[in-house]
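Coordinate-derived values only; no laboratory data. Since the structure is predicted, the reported quantities are computational estimates derived from the model, not experimental observations. Counting neighbours? That spans all protein chains shown, and the Cβs are built from the backbone with ideal geometry, glycine included.
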Amino acid sequence: MWLKNITLLNFKNYAAAELSFSATVNAFVGNNGAGKTNLLDAIHYLCLCKSYFNPIDSQQIKSEEDLFLIQGDFERNQKNEKITCGLKRNQKKQFKRNKKEYDKLASHIGLFPLVMISPNDINLIMDGSEERRRFIDNVISQTDGSYLDELIVYNKQLLNRNALLKQVAITRKLDVALLEILNEQLILSGERIFEKRKQFLLDFIPFFNEHYQFITDSAEQVSLSYQSQLNEASFGQLLSQSIEKDKTLERTTTGIHKDELLFSIGEMPLKKFGSQGQQKSFLIALKLAQYSYLQKHKTFKPLLLLDDIFDKLDDLRVHKLMKMVSHHDFGQIFITDTGKERVATVFKEINVEVTLFEVAKGTIHHA
């Protein structure tokens, strides 16, 4: 699979842009603030129906304009696929595949798999467990269409159960029959999600270990592990045991919405004890493992987007990483960097052709 071209209208800082890409390595170069990352985000939008950086769709519309449009032609399984995304202010987002609008956006997820590596990924280490659950969910959703549906059902049942607990605090009465029904529904979805997350980590961790050791030349021992209350007891038991606590706090305190992915270096928390370079290497290995996992579960290679990837990596690691991702295991790649000469030199030294685009204040031309 690869993206042949993209057309933008009023997307972020671009009034209009039309680009054709090579099937291998494409690099956007230019000063900070020129709009390089916005081009990657447009590609992310086409593949996953949303911005990588900002969940509010209307904020992607160029200032003082009424709509944005992104259109791209992919080649996927030897067929051309035209994807169109448009949004008018105060209206519903429209997503079309080959001119036919989707009934639900979830149907699009996974058709055009993508992995993005960005400085923003530091949130995976520094922020709360929700970020790490979102990472797991994002990867599984691109390979398992029913997983996203199951998550939506679980979150809906969780809201219903929490609403009942809040009602108990007001009325001082618990509708036991209703609680049992809500528990059954929550358990059904929760246990399915738990099993899928558990299986995912079994497949994923070996990929992660392999990539981290390659990037760092086995410099130190790191690990990631899946922590879930459902590892300790059945979901039904957990809900029964926590009912008094749940009533007091007016929310469901146990379940897969409390799952955690633990990042460690030398058996210590990466967040506290990892250097900037170690954290960066960890994140890159995490995302390359995501790529390997998606590739294993698809019949084609995902897109790989690398935003300011050279930042905080020494020259040796940059060369190793580019050599790895530019060869047979990886497909089409998009890179951003401030240094045109640096990008050209790196790829010349590893004997890989790169298509360069110079970006300046919302305009783009071939370098």
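Hey, what angle do you get for helix 176-216 against the long axis of the chain, alpha-carbon based, 0 to 90 degrees rounded to 10?
30
What angle do you read, to the nearest 10 degrees and between 0 and 90, between the alpha-carbon axis of helix 36-48 and the longest principal axis of the chain?
For helix 36-48, the angle is close to 50 degrees.
Report D for segment 62-111 in µm² per second (integer): Stokes-Einstein, Kirkwood Rh on Cα pairs, 20 °C, 1.002 mPa s.
In µm²/s, the coefficient rounds to 178.
Give me log10 I(q)/I(0) at q = 0.11, 0.16 Å⁻¹ for segment 50-202, Debye formula, one equal scatterer per alpha-carbon, no solvent.
Scattering profile of segment 50-202, log10 relative to I(0): -0.65, -1.13.
Suppose we keep just the alpha-carbon trace of segment 128-297; what are its Rg and Dmax in angstrom?
Using the Cα atoms of segment 128-297, the pair Rg, Dmax is 18.6, 62 Å.
Once you charge only the Cβ atoms, +1 for Lys and Arg and -1 for Asp and Glu, what is the size of the charge dipole of the chain about its Cα centre, to the nearest 20 debye?
Values: 48 positive and 46 negative charges, 175 e Å.
With only Lys, Arg, Asp and Glu charged at Cβ, the dipole is about 840 debye.
If you put +1 on each Lys and Arg Cβ and -1 on each Asp and Glu Cβ, how big is the dipole of segment 128-297 around its Cα centre, in Debye rounded to 20?
520
P(r) tail for the chain, what percent of Cα pairs lie past 30 Å?
Value for the chain (Cα pairs over 30 Å): 45 percent.
For segment 228-367, which semi-axes, largest first and in whole Å, follow from the square roots of 5 times the eigenvalues of its Cα gyration tensor?
43, 18, 16
For Lys323, project a label point 7 Å along Cα to C-beta. Then give me every residue of segment 278-315 with its amide nitrogen under 15 Å of that point.
314-315
Just list whichever of Lys88/Lys298; Lys296/Lys323; Lys196/Lys298 have alpha carbons separated by over 23 Å in the model shown. Display every interim value, and only then the final one.
On the way: Lys88/Lys298 34 Å; Lys296/Lys323 21 Å; Lys196/Lys298 17 Å.
The answer is Lys88/Lys298.
When the helix-only estimate is applied to the chain (DSSP H runs of n ≥ 4, each -39,500 (n - 2.57), divided by the residue count), what is the mean residue ellipticity at 222 nm, nearest 500 deg cm²/dmol?
Result for the chain: -14000 deg cm²/dmol, rounded to the nearest 500.
Can you count the Lys pairs in segment 92-183 whose Cα atoms are under 16 Å apart, with each pair 8 or more apart or on different chains?
Lysine pair count for segment 92-183: 5.
Over the Cα atoms of segment 326-367, Rg to Rh with Kirkwood Rh, two decimal places?
0.99
Given +1 on the Cβ of Lys and Arg, -1 on the Cβ of Asp and Glu, and no further charges, what dipole in debye does segment 250-316 carry about its Cα centre, rounded to the nearest 20? Present the calculation step by step, with values, prior to reporting the outcome.
Details: 10 positive and 9 negative charges, 58 e Å.
About 280 debye.
What fraction of the DSSP beta bridges in the chain is antiparallel, stated in percent and rounded to the nearest 5?
70
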